[in-house]
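S.K.: First, the structure itself, so that you have it in front of you.
The values are calculated or read from the model by the stated rules, or taken from the named source; none is laboratory data. The shown structure was predicted, so the numbers you read here are calculated from the model rather than taken from an experiment. Quick reminder, even Gly has a Cβ in these numbers, built from the backbone with ideal geometry, and neighbours come from all protein chains shown.
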Amino acid sequence: MQRSLKAGIPLLVIAAIVAALVAACGGDGEEKTSTPTATTPTEKPAEKTTITIGNLTDKTGAASVAMVVVDTALQDIIQWSNDTGYIPGIQLKAVSYDGQYDPSRDVPGYEWLKEKGANVFLTGLPNTPVSLESRINGEKAILVCMNLDDAQAKPDGRLFSINMSIGGIVKTAMKWIADNDWDWKTKGPAKIGIVAWDTTYFNYQEKAIKEYCDAHPEQFTFGGAHYIASGFKWDVQVQATKDFDYIFPPGAPLVSFIRQYYDEGGKAKLVMCDTHISFFGLIGDGKLWPKVDGSLVFLPSPWWNEDAKVVNMAKDFLLKSGGEAALKKAMEREHGFLTSTHQFYGFLEMIRQTVERVGPENFSAQAMYETLTSGFTTQYGDEYAPWGYVPSTDRFGYDWQLAYRINGATGELIKADPNWLPVPAE
């Protein structure tokens, strides 16, 4: 029995094979062929070229409160670009160096970022372009600046501002005031001056104010620049400017000046710009909005309360990252997020148009320089003025501003003019 069981196993196998063959032939004598299973080849996603942005920032120094907001805006717009494929074939990433708002750390930071593979460099700090100008130009790199002194904006240089020139901000504001806010034909020239810390930024403001006053003595009289080295006490400066009609105020110590100036009977309207908006939350904290009612703010991009492309992008970023609470906080205190998002959108356009011209694999600092000096221009949307570097010697992205007036009851900025204001011709 055991032997016959063993002998029967091959027979069962043969029977199974025969049954399978019969089934394959359909049992009717006609040969049928089996249809092979279709397989879809797995296509490997096209590899993207990584462009590394070397970000010289401040995470722990005197400017860190403002720069944390700026750096968040940078990361959000990079994420948006990568997620949407805004720059075809490109993956963006940022590597940041904490310069601690210390100029002596600018060169080491630049060298460290080079070692990390940075293709293009970015800074929001005002001292860094001064520290790095000779290296950037000598090594034919590119430094994109959120703040750039006029002296570093060389016609053939490789430092490009994604903001407006200091002189452009001042002269656009003064022309608008003369045309729309001060009746100099009836009242005579307005008395205008500056109160601030004694830094290069405000020195350039002073220079531009004096130049405009000299060119238009019928409109303005220059009342002088009234500086302190640092600190928050303005006794002498307040007494010297109480009867002014307009004042360009300090940046970081803005709130201390507002409180002291108006408490002691000052009557001037303040003339502010994007340098000041990071401190607007402190004006609200101090319940000081009524004191600056009617003061003027000149910005190169639309405000939170406007329906504009990049404004809506900034709101979407905040809602995605932190919901309504994050949006509310930014709209009340972190206004730098909005202006930074506008500037970084221009920065992405600089990269995108370079990649479009030379291809992802050929992106370089030299290719970007050639793009920016070949009639580079863009427009964010229908709500915006043109943006770019025209003529080729231009080193400031913005050439237009918007005028706003402060509503002292609410702290809102209300558009004072529906039109974009061009920088007046020199």
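S.K.: Given the criteria within 22 Å of Thr123 (Cα to Cα) and surrounded by fewer than 19 Cβ atoms within 10 Å (Cβ to Cβ), does Arg352 qualify?
M.R.: Values: within 22 Å of Thr123 (Cα to Cα): yes; surrounded by fewer than 19 Cβ atoms within 10 Å (Cβ to Cβ): yes.
Taking the combined requirement at face value, the residue satisfies it.
S.K.: Further question: Can you list the strands (runs of 3 or more DSSP E) found entirely within segment 355-426 that contain at least 2 residues being touching a Cys at 6+ places or on another chain (Cβ under 6 Å), of a type outside the set (S, T, N, Q) and within 28 Å of Phe280 (Cα to Cα)? Working first, answer last.
M.R.: Working: elements: 376-378, 387-389, 400-407, 412-415.
Per the criteria, no element qualifies.
S.K.: Hand me the list of strands (runs of 3 or more DSSP E) wholly inside segment 121-212 holding 2 or more residues that are more than 26 Å from Pro253 (Cβ to Cβ) and not assigned by TED's automatic domain parsing to the domain that holds Asp58. First the steps, then the outcome.
M.R.: On the way: elements: 143-145, 159-161, 190-197.
Fully inside segment 121-212 and qualifying: nothing.
S.K.: Of all residues in segment 256-282, which are more than 23 Å from Ala208 (Cβ to Cβ) and at pLDDT 95 or above?
M.R.: Passing the criteria: Ser256, Arg259, Gln260, Tyr262, Asp263, Glu264, Gly265, Lys267.
S.K.: If you check Asp285, Asp293, Asp274, which single one turns out to be crowded, with 20+ Cβ neighbours inside 10 Å and farther than 19 Å from Gly223 by Cα? Let's see the steps before the verdict.
M.R.: Values: Asp285 fails: crowded, with 20+ Cβ neighbours inside 10 Å; Asp293 fails: crowded, with 20+ Cβ neighbours inside 10 Å.
So the residue among Asp285, Asp293, Asp274 that is crowded, with 20+ Cβ neighbours inside 10 Å and farther than 19 Å from Gly223 by Cα is Asp274.
S.K.: Go through segment 158-192 and give me each residue that's touching a residue at least 40 places away in the same chain (Cβ under 8 Å) and either in contact with a Ser or Thr (Cβ under 6 Å, 6 or more places away or on another chain) or of a type in the set (Val, Ile, Thr) (or both). Can you show your working first?
M.R.: Our first condition is that a residue be touching a residue at least 40 places away in the same chain (Cβ under 8 Å); within segment 158-192, this holds for 158-178, 180-182, 190-192.
Hits for segment 158-192 are Ile162, Ile166, Ile169, Val170, Thr172, Ile177, Lys191, Ile192.
S.K.: Sticking with this one: When you scan segment 46-96, how many residues do you find that are outside any helix (DSSP H, G or I) and free of Cβ contacts under 8 Å to residues at least 12 places away in the same chain? Let's see the steps before the verdict.
M.R.: Taking segment 46-96 and keeping what is outside any helix (DSSP H, G or I), we get 46-63, 85-96.
Going one step further and asking which of them are free of Cβ contacts under 8 Å to residues at least 12 places away in the same chain, we end up with 47, 85.
Residues in segment 46-96 being outside any helix (DSSP H, G or I) and free of Cβ contacts under 8 Å to residues at least 12 places away in the same chain: 2 in total.
S.K.: So Glu211 clears everything in (1) surrounded by fewer than 20 Cβ atoms within 10 Å (Cβ to Cβ); (2) over 33 Å from the mean Cα position of the chain (by Cα); (3) in contact (Cβ under 8 Å) with a residue 12 or more places away in the chain except one condition, right? Which one?
M.R.: Status for Glu211: all satisfied but (2).
S.K.: Given the condition of a type in the set (A, V, I, L, M, F, W, C) and either part of a loop (DSSP other than H, G, I, E, B) or in the same structural domain as Phe222 (by TED's automatic domain parsing) (or both), answer yes or no: does some residue in segment 309-324 qualify? It would help to see each step written out before you state the result.
M.R.: Keep residues of segment 309-324 that are of a type in the set (A, V, I, L, M, F, W, C), which gives 310-311, 313-314, 317-319.
With either part of a loop (DSSP other than H, G, I, E, B) or in the same structural domain as Phe222 (by TED's automatic domain parsing) (or both) added as a condition, the list becomes none.
No; the residues of segment 309-324 include none that is of a type in the set (A, V, I, L, M, F, W, C) and either part of a loop (DSSP other than H, G, I, E, B) or in the same structural domain as Phe222 (by TED's automatic domain parsing) (or both).
S.K.: Here's another thing I want to ask about it. If I go through segment 157-202 residue by residue, how many of them are closer than 18 Å to Asn127 by Cβ, out of contact with any helix residue (DSSP H, G or I) (no Cβ under 9 Å at 6 or more places or on another chain) and of a type in the set (S, T, N, Q)?
M.R.: Total meeting the criteria: 1.
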